[in-house]
Amino acid sequence: MANIVITGANRGIGLALVKNYVAGGDRVHALCRNPDQAAELKQIATTSAGQLTLHPIDMADGQSIDAVAQILGDTPVDVLLNVAGIIGGRIDSLANTTFTEDDFADWRNAFEVMTIGPFRLTQALLPNLLAAKGKVMTVSTQIAASTWDRGGMYAYGATKAAVNRLMLSLAIDLKAKGVCVATIHPGYVQTDMGGPNAEITPQESAAGIKNVVDKLTLETSGSFFKWNGELHPW
Ligand SMILES: NC(=O)c1ccc[n+]([C@@H]2O[C@H](COP(=O)([O-])OP(=O)(O)OC[C@H]3O[C@@H](n4cnc5c(N)ncnc54)[C@H](OP(=O)(O)O)[C@@H]3O)[C@@H](O)[C@H]2O)c1
């Protein structure tokens, strides 16, 4: 039974990952902003015989990230899944609009949630990851890649491109310690973020992500994957 830590666990891809790992018999620590309001997670927790616990986290709040590390104590962490994400502001093109201070405040928050937050959580849980020789998988997006040929979505694309580079650096730095680090495009997924017309279900995405995590090794650490296991050009 592996110990799995998942952010953004209350809905979308994160919730599907929780269900997948619980069904596989693993011990899941589900992190979300408001555990009291996470009805589906609470339901799973009551029926999964101690396999699932809920803890509060706000990825933009370093103190709440450190508090999770306190709660986990010396529990070895086999897999940390950084899933929480937001679009981070308007998706418009500069050709059609002007960005304001409010937009820039949204951008800074997007960096906290999707770039600095995953780093801080990895740092806070590093002793736990080292104890397990664990794996860190951060959910990114195809929009992070230089091969994505559309404009707009400035905050989202920039924060995800940044976290890709950041996770590659961590993969290099932690390789000798036995910790694998990688990023993944989860597909275009039917969630609140992806919308109902997206290409795959959260369950399909989660199954693909879990498969990639299972197969991740120190040799492939640092890669940017697609949810189907292929390498994503970057
Ligand atoms: N859906 C897609 O097609 C798609 C494509 C490419 C990449 N992705 C990436 O996949 C990941 C999951 O996306 P999704 O589609 O599942 O999105 P979603 O359904 O909108 O869920 C987003 C999750 O992130 C959490 N979150 C947002 N801000 C947070 C914060 N400050 N602290 C902690 N948690 C926070 C949300 O919690 P609350 O309920 O509290 O807001 C929610 O659990 C994201 O990183 C996204 O960028 C998605």
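Bear in mind these aren't lab numbers, they're just calculated from the coordinates by the rules spelled out. The structure presented is a predicted model; accordingly, all values stated were derived computationally and were not measured. For neighbour counting, all protein chains shown are included, and Cβ atoms are generated from backbone atoms with ideal geometry for every residue, glycine included.
Across the stretch 172-186, rounded Karplus estimates of 3J(HN,Hα) from the backbone phi angles (6.51 cos²θ - 1.76 cosθ + 1.60, θ = phi - 60°) give 5, 6, 9, 4, 5, 8, x, 9, 8, 9, 8, 10, 8, 8, x Hz, Gly and Pro being marked x. Taking the DSSP beta bridges with both ends in the chain, the antiparallel portion is around 5 percent. Using the average count of surrounding beta-carbon atoms within 10 Å as a protection proxy, the listed peptides 95-106, 217-228 rank, highest first, as 217-228, 95-106. Each of LEU94 and ASP214 was given a label point 7 Å from its Cα along the Cα-to-Cβ line. The distance between the two points is 4.5 nm. Peptides 68-80, 199-211 ranked from most to least packed, by the mean per-residue count of other Cβ atoms within 10 Å: 199-211, 68-80. Angle of helix 62-72 to the longest C-alpha principal axis of the chain, folded into 0 to 90 degrees and rounded to 10: 20°. Cross-link partners of LYS177 among aspartates and glutamates, defined as those whose alpha carbon lies under 19 angstrom from its own and excluding same-chain residues fewer than eight positions apart: ASP74, ASP78, ASP214, GLU219.
Largest GNM mean-square fluctuation among GLY178, GLY117, GLY50, using the chain with Cα springs under 10 Å: GLY50. Grouping the Cα pair distances of the chain into 10 Å bins from zero gives a pair-distance distribution of 8, 34, 39, 16, 3, 0 percent in increasing distance order. Applying the Karplus relation 6.51 cos²θ - 1.76 cosθ + 1.60 with θ = phi - 60° to the stretch 117-132 yields 3J(HN,Hα) values of x, x, 5, 4, 5, 4, 4, 4, 9, 4, x, 5, 5, 5, 4, 9 Hz, where x marks Gly and Pro. For the chain, the dipole from Cβ point charges (+1 on Lys and Arg, -1 on Asp and Glu) about the Cα centre works out to 560 debye, to the nearest 20. Most simply put, the stretch 114-234 has about 10% antiparallel DSSP beta bridges, counting only bridges with both residues inside it.
The ranking of LEU52, LEU168 from fewest to most other beta carbons within 10 Å of each one's beta carbon is LEU168, LEU52. Taking 0.36 nm per residue of sequence separation and removing the Cα-Cα distance, the ILE87/LYS133 pair yields an extension gain of 13.4 nm.
Per-residue extension of 0.36 nm, minus the Cα-Cα distance of SER146 and MET193, leaves a gain of 14.7 nm for this segment. Under a 5 Å amide H cut-off, with hydrogens placed 1.01 Å from N, ALA60 pairs with nothing among residues at least 5 apart or on other chains.
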